[in-house]
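J.: The following block contains the structure, expressed as structure tokens.
Where a number appears in this text, it was derived from the coordinates with a stated rule and is not lab data. Computed from a predicted structure; not experimentally measured. Note: ideal-geometry Cβ built from the backbone for every residue, glycine included; neighbour counts use all protein chains shown.
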Amino acid sequence: MAARGWDELDILFVTGDAYVDHPAFGTPLLARLLEADGFRVGILAQPDWRNVEAFKVMGRPRLFAAISAGAMDSMVNHYTAARKLRRNDAYTPGGKAGARPNRAVIAYTAAVKGAFKGLPTVIGGIEASLRRLAHYDYWDDRVRRSVLVDSKADLLLYGMAETALTEVARCLANGESIAAIRDLPGTAYLSGNAPAEALQLPAFEDVAQDPGVYNTAFRMASEQASPFNGRPLSQLHGKRWVVIQPPALPLSEVALDRIYALPFQKQPHPSDKEAIPAYEQIRFSITSHRGCFGGCAFCAIGHHQGKTIQSRSIRSITAEVDRLTRHPEYRGTITDIGGPTANMYGLGCGDPQAEQKCHRTSCLFPRPCRHLIQSDRRAVKLLRTLRANPAVKHLFIASGIRYDLLASQQDYFDDLLQHHVGGLIKVAPEATSEKVTRIMHKPGPDQFVRFLEDFRKRSLELGLRLGVVPYLISAHPGSTLDDMIDAALFLKRHRLKVEQVQDFTPTPGSLATCIYHTGRNPLNDEKVHVPRTAAERKLQKSLLLWHLPENRRSISEALRITGREDASVELLETGKPAGTRKTLSRKPPRRHK
């Protein structure tokens, strides 16, 4: 601040992540954007929330404090699906756990209010975004109030928030009160009255007590998620209303290009002396687009980044690659070029009028929308342009791939296999049961089988030796032990081994979490089996890791419980059904004098 001649900040950012000046980290991206608009911005990374003085090191900001838990919900960051404390934090120097508090948005906001009486506070990021309404919290195992109520913040910004945040900064800089900001898309606030045009959701007290009412509130909110035609929402909490404006419009290509042209150093703050695992993973990666129209039931991306794919221009991405090749640690390899789903780059709705009226949460489920553009032309042009850069020796795609789109993207598929996969291609069928994939809003197992056949055929034709690593979820709502046994048999029959299994974690805001809490699908009121006990969850996970010797006992137990001991002949290669092998007793050795 002294070097820049600043006697005060305009805006103070508080984040639960280490400070890495890279556009993959949300707080530095927003800070760079506000800096480019002429604001004096400071970032306070991982302050000690128990010490008010830790928040005063850069003084009181002139306009407001912008508060985020970081790139992850703090409870997901701290605890496993089994509710056990994690031992590391990828967004902290040295990977050390404990640098941020539980429910970081609430804790940081309280500390800021204690340090700077009367300072406007704005909360955002994924934790605030997905907890903006009354929501089921897995770690408390109850419905919690909107984080806006519990944090006592003045304003909540949800989604990626560039448009909303820059507008808030301009309003406050022009002398407006934060209490006057009431009609800005992508924001939420507390009010004594519900706007007449707002759709009134069932009150917090009602959804907290009645799972059926919770399902109704979830369905009503989901139907208004479009930035083009959604209505404001209001939900009573006690005597006050949480009012949520419709989502902000997607960013244009020009706006997105401007953001990624900002002068990011793509390095951690010099005060951090230990490696930051998340930075090590993404430092030579490029974000080509954001958003996802897959609409998977368990995923938060659509709720946060939106359904609309927002792609950068090829010129913008090429310019960033040129800058990246001058990074002092660059050695010729770009580790990823993509977004939430790599092969959605350049895709979108082909009918703007239909898009303005659309209420679908997925462009792919239950069947691809007829207006969806699936052509790979733009993505192929991007990859071939980047490969022509002599400074790029290797260009990998580590982002997820939607294999159900590849049938319409043969050129992309071939380029992917020949140039952008390091021996293994990672895809996410998530389940092999038609019943479960339907609940997940994922393509069914038949499509996965067709992908495997096409992948192996194309690899053989191209003279490549490549493998497939499938990502699967255990204990997802709808999944039974029988489903997991079938999944294990499917994996073995198709010569597949899973590297790791994601044990389903109910995270705020998702459809799957709603089903986990209520036991019913809010979209059709269908009753759904929910694996809740630690014992069942453990058995389901063991079945997906069928090839590991340490899981044999658990697999035998699952076969016994379901009455499917005969499957042990194929799955465990016992030669006889589980439970029929005799135990041989051994006499103790004779003792000799």
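J.: Which net charge results when you count Lys and Arg as +1 and Asp and Glu as -1 among the other residues whose beta-carbon is under 15 Å from that of residue 240? Write out the running numbers ahead of the final one.
T.: Details: positive: 132, 145, 152, 182, 239; negative: 150, 154, 205.
Neighbourhood net charge equals +2.
J.: Roughly speaking, what is the stretch gain from residue 351 to residue 464, that is 0.36 nm per residue apart minus the C-alpha to C-alpha distance, in nm to one decimal? Provide the component values of the computation, followed by the final result.
T.: Numbers: separation 113, 0.36 × 113 = 40.68 nm, distance 3.90 nm.
Residue separation times 0.36 nm, minus the Cα-Cα distance, leaves 36.8 nm.
J.: Let me ask something additional. Taking K and R as +1 and D and E as -1, what net charge do the other residues with C-beta under 11 Å from the C-beta of residue 11 add up to?
T.: Details: positive: 40, 62; negative: 8, 10, 35, 37.
Surrounding charge for residue 11 is -2.
J.: Starting with the highest mean, order 505-518, 162-175 by the number of other Cβ atoms within 10 Å, averaged over the residues of each peptide. Working shown, then result.
T.: Details: 505-518: 23.9, 162-175: 18.0.
The packing order, highest mean first, is 505-518, 162-175.
J.: With label points built 7 Å along Cα→Cβ from the Cα atoms of residue 408 and residue 222, find their separation and express it in nm.
T.: It works out to 2.3 nm between the two label points.
J.: Let me ask another. Residues with beta-carbon under 9 Å from that of residue 311, excluding residue 311: net charge, scoring Lys, Arg +1 and Asp, Glu -1?
T.: Details: positive: 290, 312, 378; negative: 253.
Result for the neighbourhood of residue 311: +2.
J.: If I stretch the segment between residue 253 and residue 197 completely, what's the gain in nm (0.36 nm per residue apart, minus their alpha carbon distance), one decimal?
T.: Values: separation 56, 0.36 × 56 = 20.16 nm, distance 3.14 nm.
Stretched fully, the residue 253-residue 197 segment lengthens by 17.0 nm.
J.: Right, another one. Over all alpha-carbon pairs of segment 284-422, lay out the pair-distance distribution in 10 Å bins, whole %, shortest bin first.
T.: In whole percents, the pair-distance histogram is 11, 42, 31, 13, 2.
J.: Any idea what diffusion coefficient segment 11-244 gets from Stokes-Einstein, in µm²/s, Kirkwood Rh on alpha carbon pairs, 37 °C, 0.692 mPa s? Intermediate results must be reported in sequence, preceding the final value.
T.: Working: Rh = 18.3 Å.
The diffusion coefficient I find is 180 µm²/s.
J.: Follow-up. With the crude spin-label approximation of a point 7 Å out along Cα→Cβ, what separation in nm comes out for residue 35 versus residue 370?
T.: 5.0
J.: I need to check one value: relative contact order of the chain, counting alpha carbon pairs closer than 8 Å and at least 6 residues apart, in percent.
T.: Reported relative contact order: 11 percent.
J.: Can you tell me the alpha carbon radius of gyration of segment 444-581 divided by the globular rule-of-thumb value 2.2 N^0.38 Å?
T.: Numbers: Rg = 16.9 Å, N = 138, 2.2 N^0.38 = 14.3 Å.
Compactness ratio reported: 1.18.
J.: Give me D for segment 520-579 in µm² s⁻¹, whole number, from Stokes-Einstein with Rh from the Kirkwood sum over alpha-carbon pairs, 37 °C and 0.692 mPa s. Kindly include the intermediate steps, with their values, before the conclusion.
T.: Details: Rh = 12.8 Å.
This corresponds to a translational diffusion coefficient of 257 µm²/s.
J.: Rounded to the nearest Å, what's the spacing between the alpha carbon centres of segment 75-151 and segment 364-425? Just the number, please.
T.: Answer, in whole Å: 36.
J.: What per residue convex hull volume, in Å³, do the alpha-carbon atoms of the chain yield? Let's see the in-between values first.
T.: Details: hull volume 123.5 nm³, N = 593.
Spread over its residues, the Cα hull of the chain gives 208 Å³ apiece.
J.: Quick check on segment 1-78: take the gyration tensor over C-alpha atoms, sort the square-rooted eigenvalues as a ≥ b ≥ c, and tell me if it's rounded (a/c under 1.5), prolate or oblate. If you can, show how the numbers build up before the last one.
T.: On the way: a/c = 2.24, a/b = 1.31, b/c = 1.71.
It is oblate, given that a/c is not under 1.5 and a/b is not larger than b/c.
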